[in-house]
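Engineer: One structure is given below, represented as structure tokens, and several questions about it will come after.
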């Protein structure tokens, strides 16, 4: 299980290969990559800056991973989240789950990114032609998390 | 009791700084009481805490509700809802 907060970009292919390397029990790897767009709420986005809360961010992500492991049969998890300046087309976040079977990998991956969105202390500021603005949180993110709370754990 | 208060994102901008070390009066014992006390303390807290809607809090790097109790030396963070991912 590994959680990384870093400025540098990542090679998703290499990371996914490493996640299952030398473990013949892994039968499935599911992954999610969040990417920076050049448009948000009809405003052109030139770049974004990601701020975080050093220390708490890592703890929050580790907590989310622990909760996922209690819910599904997971062999390994990797979360990489970038901070600092990120340009459109660049990768922001990678969530990857290795498990024996696809169901656990898919569900846990979705759960991890849904919880990351509401529980991990990151904040996006977008540079637009009208200046820099903090991104507003979305009600849909809270709803996605709430849906997991209603679902009974499967394990 | 002395606490370290951290500000992030929009709240940090509104405060013009990222942290304070604050001696709080004895009647302030929880996160909710600290927030209310800061929000009526004058500049820059008053305007900053009014400007940023639905502030969240963490104590010692764990998400905290208004009822969470403070301890001497605690690290208390205030911030807007998170927007990572």
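None of the figures in this text is laboratory data; all of them are computed from the coordinates on show. Predicted model only: the values in this text are computed from it and were never measured. Virtual Cβ from ideal backbone geometry, glycine too; neighbours counted across all protein chains shown.
Engineer: Rounded to the nearest 5, what % of DSSP beta bridges with both residues in the range B:2-79 are antiparallel? Write out the running numbers ahead of the final one.
Structural biologist: On the way: 13 of 17 bridges.
Percentage antiparallel, nearest 5: 75.
Engineer: Next up: When a footprinting reagent is the concern and you count Cβ atoms within 10 Å, what order do B:15, B:63 take, fewest first?
Structural biologist: On the way: B:15 22, B:63 17.
So the ranking, lowest neighbour count to highest, is B:63, B:15.
Engineer: Report the antiparallel proportion of the DSSP beta bridges in the range A:2-150 as a percent, rounded to a multiple of 5.
Structural biologist: Details: 30 of 35 bridges.
In the range A:2-150, DSSP labels about 85 percent of beta bridges as antiparallel.
Engineer: Using just the helices of chain B, give the 222 nm mean residue ellipticity in deg cm²/dmol: DSSP H runs with n ≥ 4 each add -39,500 (n - 2.57), and the total is spread over all residues, rounded to 500. Write down the numbers at each step before the final one.
Structural biologist: Numbers: 3 runs with 23 residues, N = 85.
Result for chain B, helices only: -7000 deg cm²/dmol.
Engineer: From Cα pairs below 8 angstrom and at least 6 apart in sequence, can you work out the relative contact order of the range A:2-150, rounded to a whole percent? Before the final figure, lay out the partial values.
Structural biologist: Numbers: 265 pairs, mean separation 49.5, N = 149.
Reported as a whole number, the value is 33 percent.
Engineer: Only helical DSSP H runs with n ≥ 4 go in: add -39500 (n - 2.57) per run for chain A, normalise by residue count and round the 222 nm mean residue ellipticity to 500 deg cm²/dmol.
Structural biologist: Values: 4 runs with 55 residues, N = 155.
Using -39500 (n - 2.57) per qualifying helix, the result is -11500 deg cm²/dmol.
Engineer: Note the angle between two axes, namely the Cα long axis of helix A:102-119 and the longest principal axis of the Cα atoms of chain A, as a number of degrees from 0 to 90, rounded to the nearest 10.
Structural biologist: Helix A:102-119 and the main axis of chain A meet at about 40 degrees.
Engineer: Report the paramagnetic label zone for residue A:127: residues of the range A:41-74 whose backbone N is under 11 Å from a point 7 Å from Cα along the Cα-to-Cβ axis.
Structural biologist: Under cut-off, by backbone N: A:46-49.
Engineer: Right, here's the next one. So which residue, out of A:30, A:21, A:108, gets the largest mean-square fluctuation from a GNM of chain A using Cα contacts under 10 Å as springs?
Structural biologist: Highest fluctuation of the listed residues: A:21.
Engineer: Still on this structure, please answer the following. With a cut-off of 15 Å, note down the residues of the range A:125-148 whose backbone N falls inside the zone around a label point 7 Å from the Cα of residue A:35 toward its beta carbon.
Structural biologist: Residues passing the 15 Å test: none.
Engineer: What angle, in degrees between 0 and 90 and rounded to the nearest 10, separates the Cα long axis of helix A:56-71 from the longest principal axis of the Cα atoms of chain A?
Structural biologist: 40 degrees
Engineer: What does the average come to when, for each residue of peptide A:49-60, you count the partner chain Cβ atoms lying within 10 Å of its Cβ?
Structural biologist: Details: counts 0, 3, 8, 4, 8, 1, 3, 10, 3, 1, 4, 6.
Across the residues of A:49-60, the mean count of other-chain Cβ atoms within 10 Å is 4.
Engineer: What shape does chain B have by the C-alpha gyration tensor, where a ≥ b ≥ c are the square roots of the eigenvalues, rounded means a/c under 1.5, and otherwise prolate means a/b greater than b/c and oblate the rest? Let's see the in-between values first.
Structural biologist: Working: a/c = 1.61, a/b = 1.21, b/c = 1.33.
Cα axes put chain B in the oblate bin.
Engineer: Here's a follow-up. How many angstrom separate the Cα center of the range B:1-48 from the Cα center of the range A:60-76?
Structural biologist: When both Cα centres are located, 34 Å separates them.
Engineer: Now, a different point. How far is helix A:139-150 tilted, in degrees, relative to the longest principal axis of the Cα atoms in chain A, given as a value from 0 to 90 rounded to the nearest 10?
Structural biologist: 20 degrees
Engineer: Once the Cβ-Cβ distance between residue B:67 and residue A:25 is put in as r, and R0 is 51 Å, what FRET efficiency do you end up with, to the nearest 0.05?
Structural biologist: Working: r = 44 Å, r/R0 = 0.86.
Computed FRET efficiency for residue B:67 and residue A:25 comes out at 0.70.
Engineer: Evaluate the distance, in nm, between pseudo-label points positioned 7 Å from the Cα of residue A:46 and of residue B:75 along their respective Cα→Cβ axes.
Structural biologist: For the pair residue A:46/residue B:75, the computed spacing is 3.4 nm.
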